[in-house]
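A quick write-up on the structure given underneath.
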2 protein chains.
Amino acid sequence: MSKLYVIGIGPGDEAGITLGAQRALEECGVLVGYHKYIGLIAGRYPDKPFLITSMTQEAQRCRMALERAAAGDTVGLVCGGDPGVYGMAGLVCELAPEYPGVQVEIIPGVTAATGGAAMLGAPLTHDFAAVSLSDRLTSWQTIEKRLRAAAEADFVLCLYNPASHARAGYLKRACELLLGYRAAGTVCGAVRNIARVGEEARIMTLGELVEFDADMSTTVFVGNTQTRVVGGRMVTPRGYAL
Amino acid sequence: MSKLYVIGIGPGDEAGITLGAQRALEECGVLVGYHKYIGLIAGRYPDKPFLITSMTQEAQRCRMALERAAAGDTVGLVCGGDPGVYGMAGLVCELAPEYPGVQVEIIPGVTAATGGAAMLGAPLTHDFAAVSLSDRLTSWQTIEKRLRAAAEADFVLCLYNPASHARAGYLKRACELLLGYRAAGTVCGAVRNIARVGEEARIMTLGELVEFDADMSTTVFVGNTQTRVVGGRMVTPRGYAL
């Protein structure tokens, strides 16, 4: 039986790759992925063939990986962060039954929520919700509904895809909505290029986040009512007696 | 300046440890942690001293680590999964200002949500909420409020700490509440002992989850209205055209 590994390589540099992911990458005869993620690891595997696709060709990328595996190669589909959080794992699982000879194994990784949280301090040490602000596949109405529900129940929020070239102003709209539920002084954070060139972490208030210029490499954190700044870090206390 | 690494070792075996975590563990002169997590790595570092505390001594454990670092040791505080998700990162950040000579670095890891998701398939490929069912530090009222909000807004739910010796019946209460918002046929999953001896993954319906016997090593996933079983896996489609 041939094999397709769906490999989470973590948010950025080598330090965020698990030993399991490294082992799978080494074992693969072919690596498939979006050029940004392949670029993060290509230098370490100079002798392996890579198949690169652009960002909006997700289904094509997964089929390409499944087809190569069906043809007998051990294939690695390379995903940034964790393949199961807004990554390719879902699509591969949906398509896999068409390729019964291919055994699929998903290798989890450090996702931007936890990688980014570690840079800011500890914003996610209590209940949190992850919401993508991309309305490419989800209606803005559904996104708003989830933001409202999470804000109302005092979840910490981790926002994926807060902006892109085509979606300027989405983070602003989300913040304006959240300001209906949370004080303008709510502690927020943004990280950019986690563990990559241009890495940046900034703590700010929700009032400031409204005007923050996020891009495709940004992950945003909105604190709950307990989140505060301690020693320069964004911290959501779990409630332990100190 | 002395150093305290707060190290996420992933959910179980060596495959889930990042290269960064491995590097930090090797650099440390002393490793501090709850016995369960220290047990997962102790065999690999036979020459390092370990300081082990029991489960309910979280603040003491963090102070012990900070004090050893303040005394000049390079210390690693070892956390299962990711230190920032229901882990020790928050407490360390809260206490760190009392130890100004200690530089704290948080090393993220694979948390049970993503590690468990990979075993089940891809339950978290759309917006999700993480909720701990432990009412040791959070009122059951707050937990219920969050479960209701997440269910109402059609988040996938990942439930941490669904049960313990002292908290039998909590998962049942949570499921009964969720059945007010989701059909009994909603696809759910439970994983136990991720990447450890006794590893187990089971897909079931919400109606079946009510009677599921979870323990302290279990992580539970409740699908949204789109989650389904595909080829034996639990999958929440992101919405890509296949």
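Using a 1.4 Å probe on the protein heavy atoms, what percent of the accessible area of the protein assembly as shown belongs to carbon and sulfur?
Reported share for carbon and sulfur atoms: 49 percent.
Measuring from a point 7 Å out along Cα→Cβ, what nm distances, shortest first, does B:PRO49 have to its partners in the other copies?
Nearest to farthest, the other copies are at 5.6 nm.
Sort shortest first the distances from B:GLU27 to its counterpart in every other copy, using label points 7 Å along the Cα-to-beta-carbon line, and give them in nm.
Distances between equivalent label points, in nm: 3.0.
Give the relative contact order (percent, whole number) for chain A; include only Cα pairs under 8 Å separated by 6+ residues.
Computed over chain A, the figure is 20 percent.
At a probe of 1.4 Å, how much accessible area disappears from chains B and A on forming the pair, both sides counted, to the nearest 100 Å²?
6000 Å²
Mind telling me which of A:ALA149, A:ALA65, A:ALA89 comes out most flexible in a GNM of chain A, alpha-carbon contacts under 10 Å?
Among A:ALA149, A:ALA65, A:ALA89, the largest mean-square fluctuation in the Gaussian network model of chain A belongs to A:ALA149.
Rounded to two decimals, what is the ratio between the C-alpha radius of gyration of the protein assembly as shown and 2.2 N^0.38 Å? Walk me through the intermediate numbers first.
Numbers: Rg = 21.0 Å, N = 484, 2.2 N^0.38 = 23.0 Å.
Output field value: 0.91.
Label B:THR74 and A:MET216 with points 7 Å out from Cα along Cα→Cβ: what is the distance between them in nm?
Going by the 7 Å Cα→Cβ label model, 3.8 nm.
Only Cα pairs within less than 10 Å get springs; with that Gaussian network setup on chain A, which residue of A:ALA166, A:ALA151, A:ALA117 has the largest fluctuation?
A:ALA166
Using r as the Cβ-Cβ distance of A:ALA241 and A:PHE50, and R0 as 35 Å, what FRET efficiency do you calculate, to the nearest 0.05? Kindly include the intermediate steps, with their values, before the conclusion.
Details: r = 52 Å, r/R0 = 1.50.
Using R0 = 35 Å, I get an efficiency of 0.10.
Most mobile of A:GLY43, A:GLY207, A:GLY180 per a Gaussian network model of chain A (Cα springs, under 10 Å)?
Of A:GLY43, A:GLY207, A:GLY180, the most mobile in the Gaussian network model is A:GLY43.
Any idea what the A:VAL197 label distances to the other copies are, label 7 Å down the Cα→Cβ vector, nm, shortest first?
4.8
Kirkwood Rh over Cα pairs of region B:1-160 into Stokes-Einstein at 4 °C, 1.567 mPa s: D in µm²/s?
Calculated translational D: 78 µm²/s.
Please average, across the residues of A:17-24, the number of beta carbons from any other chain that are within 10 Å of each residue's own beta carbon, and give a whole number. Don't skip to the answer; put the middle values down first.
On the way: counts 3, 13, 10, 10, 5, 3, 2, 1.
Average neighbour count from other chains, rounded to a whole number: 6.
So what is the relative contact order of region A:123-181, in percent, for Cα pairs below 8 Å that sit 6 or more residues apart?
41 percent
Given a cut-off of under 8 Å on Cα pairs at least six residues apart, what relative contact order in percent is computed for region A:139-240? Don't skip to the answer; put the middle values down first.
Working: 164 pairs, mean separation 32.8, N = 102.
Reported as a whole number, the value is 32 percent.
Report, in deg cm²/dmol and to the nearest 500, the calculated mean residue ellipticity at 222 nm for chain B, where each DSSP H run with n ≥ 4 adds -39500 (n - 2.57) and the sum is divided by the residue count.
My calculation for chain B gives -8000 deg cm²/dmol from helical runs alone.
Accessible area per residue for the protein assembly as shown in Å², computed with a 1.4 Å probe and the full protein assembly in place, what is it?
Roughly 36 Å² per residue, with all protein chains present.
Per residue of region A:122-138, in order, report the coupling 6.51 cos²θ - 1.76 cosθ + 1.60 (Karplus, θ = phi - 60°) as ³J(HN,Hα) in whole Hz, putting x for Gly and Pro.
Computed from phi, the couplings for region A:122-138 are 8, x, 9, 7, 10, 3, 9, 10, 9, 10, 8, 8, 7, 9, 5, 10, 10 Hz.
A:GLN103 to B:SER164: FRET efficiency via 1/(1 + (r/R0)^6), r the Cβ-Cβ distance, R0 45 Å, to the nearest 0.05?
Between A:GLN103 and B:SER164 the formula returns 0.80.
Would you please name the GluC sites (Glu not before Pro) within region A:1-102 that are DSSP coil residues with at most 15 other C-beta atoms within 10 Å of their C-beta?
Of the GluC sites (Glu not before Pro), not one in the loops of region A:1-102 has a Cβ with at most 15 other Cβ atoms within 10 Å.
Does a label point 7 Å from the Cα of B:ALA183, set along Cα-to-beta-carbon, have any residues of region B:141-169 with amide nitrogen under 14 Å, and which are they?
none
Report, ordered by chain and residue number, the lysines lying within cross-link reach of B:LYS3, taken as a straight Cα distance under 23 Å and ignoring same-chain residues fewer than 8 apart.
Partners within reach: B:LYS48.
Estimate the FRET efficiency between A:ASN193 and B:GLN60 by the formula 1/(1 + (r/R0)^6), using the beta-carbon distance for r and 35 Å for R0, to the nearest 0.05. Working shown, then result.
Values: r = 37 Å, r/R0 = 1.06.
The formula returns an efficiency of 0.40 here.
The values are calculated or read from the model by the stated rules, or taken from the named source; none is laboratory data. Please read these numbers as outputs of a predicted model, since none were measured by experiment. In this analysis, Cβ positions are derived from the backbone assuming ideal geometry, glycine residues included, and neighbour counts consider all displayed protein chains. What goes into the accessible areas is simple: the full protein's heavy atoms, side chains included, and nothing from ligands, DNA or RNA. Shrake-Rupley method; radii C 1.70, N 1.55, O 1.52, S 1.80 Å.
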